[in-house]
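The values are calculated or read from the model by the stated rules, or taken from the named source; none is laboratory data. In this text, all values refer to a predicted model and were calculated from it rather than measured experimentally. Every residue, glycine as well, gets a Cβ built from its backbone with ideal geometry; the counts of neighbours run over all protein chains shown.
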Amino acid sequence: MAAGRKSTGKKTAGKRKPAGGNKTAGRGRTTRSGAGAPPRPGWLATILDSITEGVFTVDRDWNITYFNRAAEEITGIERGEALGRKCFEVFRASVCEQGCYLRRTLESGEPGLGQAAYIVNARGERLPISISTAVLRDERGRPVGGVETFRNLSVVETLRQELAQRYTFHDIVSKNARMQQMLSILPRVALSDATVLVSGASGTGKELVARAIHDLSRRRQGPLVTVNCAALPDNLLESELFGHAAGAFTDARQEYPGRFLQADGGTIFLDEIGEMSPALQAKLLRVLQERVVEPLGSTRSRPVDVRVIAATNRDLGRLVKGGRFRQDLFFRLNVVNLHLPPLRERREDIPLLVEHFIARFNRLQGREVVRMAPEALAILMEHDFPGNVRELQNIVEHAFVLSSGDILLPEHLPEPLRPPSRPAGPGPVAERASLRDIEAAVIRSTLERCGNNRQRTARELGIHPTTLWRKMKKLSIG
Amino acid sequence: MHVAIPVWQERVSPVFDTARSLLLVRVADGRELERKTINLVESWPPLRVARMRELGVDVLVCGAISQPLARLCQAAGVRLVPWVTGMVDEVLVELLAGRLPAPEFTMPGCCGGRRRRGRAAGPAGRRRGGGGRGRGGRSRGAQDT
């Protein structure tokens, strides 16, 4: 058929008139000349399959009647599986139940353009998408169904996140029991408006937690202002936090409101609070107690409505004992304490996080890395990660740079992690190795750490004890 | 044992993450003892799972479910039977008879889209309606990892 089309095309091309001739011959239609060969029914499908937007059509009973190639790619569902099924079974969008855009279009007759939603694809991933809808009509103008086109916005969303360094709570990836417990109380903490102290080593995601609290709080429409207390010298930090009046000091030509007033109605996140000087601690305490700020060089106090979330990678209790942190401020900040365990204490999250970062870097770099080789993953499972999740992210990024294929291998890891004097290439063993070995290793080491207590081990691994038992049986452990 | 099924128009909700209504059924010895409908207002995944725990849900039969939410459910000890579609009453009958998952009650592309990423997934992984679940058993591997 394709050959037939080709030969037809050639014939017509041979008969093509000079450019000037078209004007008279076509009378506005180009179909009679070779350049404008009439569209054939089969072309439409080819055209629709060549675009990057997903397209599907439904009949009046919401059964899918057409599903293009991009729709297959985005949803992860093959056309043969999709055709004839209800659209909500296939599309699985956040708006299917409440406020289906296509339903709205079919009811109103008005097309919809660029409406936001997300879908859950066949891998269980949430993909942000943009949806446009229109009514399909027969030759008499009667509606016979609808068409929905959709764009995968994952890449755009990832780039936006990367540019703004603005990650959401969906970026908190963990199945660790302690993390899950912390996450489950987060909404209640967020709604309480209480001051929160987030503690944990560097790179454990304290800012993500702060953002999650803000996003889930009643202040979510207000600003979230982040200040790193260790990044500025003391005198600058004071003016940065509380502002200054014009002429307060040399070069202070203009009034500056300060971060607290910028965060009015929202949340201020004070990172690395343990680095703050005693003098500034006293001023911060006053703000927390009286809810007013007094800019440098000003005699006027200004009321401020701000929720404070502080974070530290240091043991504030110990700093208090050592006299380096005010006890009264500590009590003011430590109304709710959320502790983030270091990555070495939640090793079960490493494969999940690796998968998460692979997906992110695939989107950012337009790559199609499928996975990390089990041998490389095994090396990471043994590593202590002093830099925690941030270090793991850097390791995956490093492996992306060195790898040109679709699997990240041990030799793509940074130097200190790379296995010494390894023969080049993964060899057949690496290809044969499976996650089964790693799973077994993780279970064994967790069992050992938990003194062979299966309940505790299951809790540590974030799985049900029955699941642990079944896995142990399957992997011939114990 | 408590079985929960998110409901929409008497069907299993297509997406558990956004489901607004939950049918909670108390069952014993394969028989339904009691049922009630619960409003689900929690959209934050950890809170949604905390609600499952409060309700004492042992088994959650649902349609599509995002990975983070699925992981939370598993961590909370809730047994998942995901990617299920159909009329709720029929699904419940099948569940109580131990016939879930079944091809006719399975969403398309239910096997985790392995074809897209892994490319190496066998044809069984893409068979319509529950193919790849292996000898008719639950796809536990997909849920527990």
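Every residue, every condition in (1) at pLDDT below 95; (2) of a type in the set (Asp, Glu), yes or no:
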position: A:Arg307; (1), (2): no, no
position: A:Ala310; (1), (2): no, no
position: A:Arg314; (1), (2): yes, no
position: A:Gly317; (1), (2): yes, no
position: A:Val320; (1), (2): yes, no
position: A:Arg344; (1), (2): yes, no
position: A:Glu348; (1), (2): yes, yes
position: A:Pro351; (1), (2): yes, no
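With the structure loaded, tell me whether B:Leu47 is without any contact (Cβ under 8 Å) to a residue 12 or more places away in the chain, within 7 Å of chain A (Cβ to nearest Cβ) and either more than 27 Å from A:Gln455 (Cβ to Cβ) or in a helix (DSSP H, G or I) (or both) or whether it fails that test.
When the stated conditions are applied, B:Leu47 passes them.
Among what's in segment A:332-373 and is outside any helix (DSSP H, G or I), in contact (Cβ under 8 Å) with a residue 40 or more places away in the chain and of a type in the set (D, E, K, R), pick the residue that is surrounded by the fewest Cβ atoms within 10 Å (Cβ to Cβ).
Looking at the filtered set, the residue picked out is A:Glu348.
What number of residues in segment A:312-331 are closer than 15 Å to A:Leu288 by Cβ and either within 33 Å of the chain's Cα centre (by Cα) or part of a helix (DSSP H, G or I) (or both)?
Number of matching residues: 6.
Could you go through segment A:176-186 and let me know if any residue there is outside any loop (DSSP other than H, G, I, E, B) and either away from chain B (no Cβ under 12 Å) or at pLDDT 90 or above (or both).
no
Of all residues in segment A:140-174, which are on the phi < 0 side of the Ramachandran plot, modelled with pLDDT of 80 or more, in a loop (DSSP other than H, G, I, E, B) and out of contact with any strand residue (DSSP E or B) (no Cβ under 9 Å at 6 or more places or on another chain)?
A:Arg140, A:Arg142, A:Ile172, A:Val173, A:Ser174 - these are the residues of segment A:140-174 that are on the phi < 0 side of the Ramachandran plot, modelled with pLDDT of 80 or more, in a loop (DSSP other than H, G, I, E, B) and out of contact with any strand residue (DSSP E or B) (no Cβ under 9 Å at 6 or more places or on another chain).
Condition (residue is part of a strand (DSSP E or B) and over 15 Å from A:Leu270 (Cβ atoms)) applied to segment A:246-253: is it met by at least one residue?
no
Quick check on my filter: what residues within segment A:56-75 are surrounded by fewer than 24 Cβ atoms within 10 Å (Cβ to Cβ) and either on the phi > 0 side of the Ramachandran plot or facing chain B (nearest Cβ under 8 Å) (or both)?
Residues satisfying the conditions are A:Trp62, A:Glu73.
List every residue pair whose Cβ atoms lie under 7 Å apart, where the two residues are 6 or more positions apart in sequence or sit on different chains, the first residue falls within segment A:457-470 and is within 18 Å of A:Arg178 (Cα to Cα), and the second residue, located anywhere, is of a type in the set (Gly, Ala, Ser) and not in a helix (DSSP H, G or I).
A:His464/B:Gly77
Before we move on, is A:Glu272 within 34 Å of the chain's Cα centre (by Cα) and either on the phi > 0 side of the Ramachandran plot or among the hydroxyl-bearing types (Ser, Thr, Tyr) (or both)?
yes
Within the set of pairs 6+ apart or on separate chains, which have a first residue in segment B:65-87 that is at negative phi and more than 7 Å from chain A (Cβ to nearest Cβ), a second that is among the aromatic types (Phe, Trp, Tyr) and assigned to a helix (DSSP H, G or I), and C-beta atoms under 6 Å apart?
Partner pairs satisfying both residue conditions: B:Val84/B:Phe105.
So which residues in segment A:395-435 are over 16 Å from A:Asp349 (Cα atoms), part of a helix (DSSP H, G or I) and modelled with pLDDT of 75 or more?
A:Glu397, A:His398, A:Ala399, A:Phe400, A:Val401, A:Leu402, A:Pro410, A:Glu411, A:His412, A:Glu415, A:Pro416, A:Leu417, listed by residue number.
Consider A:Leu102 against the criteria (1) in a strand (DSSP E or B); (2) touching a residue at least 40 places away in the same chain (Cβ under 8 Å): it satisfies all of them except one. Which criterion is unmet?
Every condition holds for A:Leu102 apart from (1).
Hey, among the residues in segment A:363-405 that are of a type in the set (Asp, Glu) and within 21 Å of A:Asp437 (Cα to Cα), which one's nearest to the other protein chains (Cβ to nearest Cβ)?
A:Glu375
Looking at (1) more than 28 Å from B:Gln67 (Cβ to Cβ); (2) hydrophobic (A, V, I, L, M, F, W, C); (3) surrounded by 15 or more Cβ atoms within 10 Å (Cβ to Cβ), which is the one condition that is false for B:Leu33?
For B:Leu33, the exception is condition (3).
Condition check ((1) surrounded by fewer than 21 Cβ atoms within 10 Å (Cβ to Cβ); (2) more than 14 Å from chain B (Cβ to nearest Cβ)) across all residues:
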site	(1), (2)
A:Val155	yes, yes
A:Val173	yes, no
A:Val198	no, yes
A:His214	no, no
A:Arg220	yes, no
A:Leu224	no, yes
A:Ala230	yes, yes
A:Asn235	yes, yes
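Could you list, in sequence order, all residues of segment A:110-136 that are more than 17 Å from A:Phe88 (Cβ to Cβ) and within 14 Å of chain B (Cβ to nearest Cβ)?
If the condition is that a residue be more than 17 Å from A:Phe88 (Cβ to Cβ) and within 14 Å of chain B (Cβ to nearest Cβ), then A:Ala116, A:Arg123, A:Glu125, A:Pro128 are the ones that fit.
Please count how many residues of segment A:449-463 are part of a helix (DSSP H, G or I), closer than 23 Å to A:Val173 by Cβ and not small (Gly, Ala, Ser).
6
Any residue at all in segment A:294-307 that is outside any loop (DSSP other than H, G, I, E, B) and among the polar types (S, T, N, Q)?
There is no residue in segment A:294-307 that is outside any loop (DSSP other than H, G, I, E, B) and among the polar types (S, T, N, Q).
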